[in-house]
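Working notes, beginning with the structure itself.
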Amino acid sequence: MTDQSNQNHKRDRRIIPVISMMSRGRLCFLIVMLMASSAVASSSDTNDPLSVPSAPLDQRPSGSINFCAIGDWGGWEWFPYFTYAQHETAIGMGRVAETLNSQFVVALGDNFYHSGVDKGDSYRFKRTFEDVYSPASLTKIPWYVIGGNHDHYGNITAQIAYSQDNPDGRWVFPSLYHSHSFAAPDGSFTIDLILIDTVDLCGNNEIQDEHAEGYFDPLPLKEKSDAREQWKWIEDQMKASTADYLLVGGHFPVYSACSHGPTETLIRHLKPLLQQYNAHYLSGHDHCMMHYEEEDVHFVLSGMGDECCYEAPSREHHLALNPEPSALKWLISKENKDLYQAIGGFTSFQATSQEMKIQYHDHRGNVLFTADPVPPRMKSGDKGDTFDQARQQEPQEVLA
Ligand SMILES: *[C@@H]1O[C@H](CO)[C@@H](O)[C@H](O)[C@H]1NC(C)=O
């Protein structure tokens, strides 16, 4: 597999010094987690039935591209540097990745709580990432990574540098924003994945304490000119894409009914691009999962890598920026998590030349929700000719 990711705009980020005090709540949590960690060892050999079709290794149809996406998975900053829910969710994702023969993982940011990493050889890479996502189905495949707000509190350059020296070679984070093209093994269709840095586009919340007032306030609206270079790159990438499925991934959501709510900058500036180019959007940030569909654009919120869930305190308020409330197809938040008994979660994608199936999974890997099938771009509009011509070109990244 050749990787011709766009190496763009590497830059150093100012480190915002953080003095994090261990609150009493966190201390209690640590104790509970240490007690629970004895259960961790035995949970990997559970035999819960998976409600996803079984496709053993080597028998997956060559006309498919399958992958998983996970956001907000970054453990925590105290020993043992992962959370119980994160560990369980990693096992569940390992099982689904194996069942689907997943070809890659998209990591949607907030990779290291609470303030990123400080240098390239940080023990956090081992304790929060390598040791936790250890099932073989997750170590043998690339992880396409972007940063979240918590990563930007630390040294994001160190996370980019880790792409060069991670032991399994799976950490692919060549620059703040990067894109990848995939072709089905039988050449029948292609996917373009454009990963963007939404902190650069929208700014960051300077309040880092989840329990402090203002933590869940909306981000201020930013002008496009504030991140002119990246916006131009995004539009160029989308315009140039000839893929059958065009996916954009970023940390901040466009829409969210959960605590952080929607991101106005992205509604104003990204949503029109998604509509124009018939693309779909993957995000994290809010510790919930939500499927949202507006004018043929699917919005996937997958922010449960570390925990379930934030509150969805006022759907009306947070969806106020959207004129079409029926666009909200499914949501798991603090209010209904008991129904699902979920402590974490992630999403899976199964694409063929006919359709792409998007599923939301709990920490065990069980399917909580399946979205309406997503048609390929060729079938959905007036751009068929262009795509057909462009399909003569060789895709950049061929999956074995
Ligand atoms: C950030 O990480 C990079 C890569 O490891 C390192 O070269 C740089 O010195 C770090 N910056 C700071 C301010 O620590």
#### Entry: Contacts under 7 angstrom Cβ, first residue in segment 150-176 being in contact (Cβ under 8 Å) with a residue 40 or more places away in the chain and charged (D, E, K, R), partner within 12 Å of the ligand (Cβ to nearest atom) and not in a loop (DSSP other than H, G, I, E, B), 6 or more apart
Asp151/Gln159
### Task
Kindly indicate the residue of segment 271-309 that is hydroxyl-bearing (Ser, Thr, Tyr) and part of a strand (DSSP E or B) and also farthest from Gly75 (Cα to Cα) among those meeting that condition.
Tyr292
### Task
Return a yes/no flag: does segment 315-322 have any residue that is at pLDDT below 95, in a strand (DSSP E or B), touching a helix residue (DSSP H, G or I) at 6+ places or on another chain (Cβ under 9 Å) and closer than 26 Å to Thr263 by Cβ.
no
### Summary
Among Met238, Met290, the single one that is of a type in the set (A, V, I, L, M, F, W, C) and crowded, with 24+ Cβ neighbours inside 10 Å is Met290
### Task
Could you check, for segment 92-108, whether at least one of its residues is among the aromatic types (Phe, Trp, Tyr), touching a helix residue (DSSP H, G or I) at 6+ places or on another chain (Cβ under 6 Å) and touching a residue at least 40 places away in the same chain (Cβ under 8 Å)?
no
### Query
Filtering segment 117-129 down to residues that are away from the ligand (no atom under 13 Å from the Cβ) and over 18 Å from the mean Cα position of the chain (by Cα), which residue is surrounded by the most Cβ atoms within 10 Å (Cβ to Cβ)?
Arg127
### Tabulated pairs, segment 325-336, first over 19 Å from Gln359 (Cβ atoms), second among the β-branched types (Val, Ile, Thr) and surrounded by 14 or more Cβ atoms within 10 Å (Cβ to Cβ), C-beta under 8 angstrom, 6+ apart or interchain
none
### Message
Condition first: without any contact (Cβ under 8 Å) to a residue 24 or more places away in the chain and either loosely packed, with under 13 Cβ neighbours inside 10 Å or not in a loop (DSSP other than H, G, I, E, B) (or both). Now tell me which residues in segment 208-219 satisfy that.
### Response
Ala212, Glu213, Gly214, Asp217
### Query
Among Pro53, Pro17, which is the only one that is modelled with pLDDT under 50, in a loop (DSSP other than H, G, I, E, B) and within 29 Å of Ala243 (Cβ to Cβ)?
Pro53
### Query
Can you tell me which residues in segment 220-235 are out of contact with any Ser or Thr (no Cβ under 6 Å at 6 or more places or on another chain) and outside any helix (DSSP H, G or I)?
Pro220, Glu223
### Query
In segment 99-118, is there at least one residue being in contact with a strand residue (DSSP E or B) (Cβ under 6 Å, 6 or more places away or on another chain), among the hydroxyl-bearing types (Ser, Thr, Tyr) and farther than 30 Å from Ile207 by Cα?
yes
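Yes or no, residue by residue, for (1) of a type in the set (Ser, Thr, Tyr); (2) in a strand (DSSP E or B); (3) at pLDDT 95 or above; (4) farther than 19 Å from Phe182 by Cα:
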site	(1), (2), (3), (4)
Lys334	no, no, no, yes
Lys357	no, yes, yes, no
His361	no, yes, yes, yes
Arg364	no, no, yes, yes
#### Entry: Selection within segment 84-116 - within 16 Å of the ligand (Cβ to nearest atom) and surrounded by fewer than 24 Cβ atoms within 10 Å (Cβ to Cβ)
Ser115
### Query
Name the residues in segment 151-207 that are away from the ligand (no atom under 16 Å from the Cβ) and part of a helix (DSSP H, G or I), would you?
Thr198, Val199, Asp200, Leu201, Cys202
### Summary
Of those in segment 330-374 that are among the hydroxyl-bearing types (Ser, Thr, Tyr) and surrounded by fewer than 22 Cβ atoms within 10 Å (Cβ to Cβ), the residue farthest from Ile70 (Cα to Cα) is Ser353
### Task
Scan (1) of a type in the set (Val, Ile, Thr); (2) surrounded by 20 or more Cβ atoms within 10 Å (Cβ to Cβ); (3) out of contact with any strand residue (DSSP E or B) (no Cβ under 7 Å at 6 or more places or on another chain) for the single condition Thr139 breaks and write down its number.
(2)
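The values are calculated or read from the model by the stated rules, or taken from the named source; none is laboratory data. From a predicted model like this one, the values you see are computed outputs, not experimental measurements. Every residue, glycine among them, receives a Cβ derived from its backbone with ideal geometry; neighbour counts consider all protein chains shown.
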